[in-house]
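Input: a single structure, listed below in structure tokens.
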């Protein structure tokens, strides 16, 4: 069964450093998402991406964040100048473009720890 | 905010009993979806109900949607230990999928 894969599963980084979280969406999907979940809390929408551009973003997704689809298969989230409060699980998701009534498939997440 | 709000925040029931979780939201939607998350893992899609539907079934799951009240409920019948997880409703509008805060369900043996 096709799945969304995320790497790494766990990333530890020094405060102020840049990190890139990687995702490989399901191959025929065209909508991509990043979400953040601080431990035990709600799943927060960060950004959606369609047709090689951001289609929606939340207030959380400020200039510190960027997304990219560098090679037609990977979908990355870059966090610049990381802060302690960026520590969270980051989930990537994808869905196909058969309209809005399709489920999103989620990866297993990357646990980011900023120290 | 479009965000769904689930209640209760936590629910403990005996194995074999039914579990009901509710979700309320604020804006118009295309559809509403329910997801499950086992501790520390990714979200798994359970069921989708479109805005023009009122009820949907899938195995032991039953979802209702009342767009006039902007609310939905998820019923899990004959609960099992493996149903222990967090359950999230997610409202979908255009490209955005917004999750509620979730209900932590614990099935007691």
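The values are calculated or read from the model by the stated rules, or taken from the named source; none is laboratory data. Fair warning: this is a prediction, and the values are worked out from it, not measured in the lab. Backbone-built Cβ (ideal geometry, glycine too); neighbour counts: all protein chains shown.
Residues that are more than 10 Å from every other protein chain (Cβ to nearest Cβ), part of a loop (DSSP other than H, G, I, E, B) and farther than 16 Å from residue B:105 by Cβ within the stretch B:5-49 comprise B:25, B:26, B:27, B:28, listed in sequence order. Looking at residue B:76, is it closer than 27 Å to residue A:33 by Cβ, surrounded by 14 or more Cβ atoms within 10 Å (Cβ to Cβ) and in contact with a helix residue (DSSP H, G or I) (Cβ under 8 Å, 6 or more places away or on another chain)? Taking the combined requirement at face value, the residue satisfies it.
Only one of the listed residues (A:45, A:75) is within 11 Å of chain B (Cβ to nearest Cβ), surrounded by 15 or more Cβ atoms within 10 Å (Cβ to Cβ) and within 27 Å of residue A:1 (Cα to Cα). That residue is A:45. The residues of the stretch B:50-78 that are over 14 Å from residue B:34 (Cα atoms) and part of a strand (DSSP E or B) amount to a single one, B:66. Residues in the stretch A:48-59 that are part of a strand (DSSP E or B) and within 10 Å of chain B (Cβ to nearest Cβ): A:48, A:49, A:50, A:54, A:55, A:56, A:57. Scanning the stretch A:6-31 for residues that are closer than 23 Å to residue B:102 by Cβ and part of a strand (DSSP E or B) gives A:6, A:10, A:21, A:23, A:31. Only residues that are part of a loop (DSSP other than H, G, I, E, B), modelled with pLDDT of 95 or more and surrounded by 15 or more Cβ atoms within 10 Å (Cβ to Cβ) were counted in the stretch B:79-101, giving 2.
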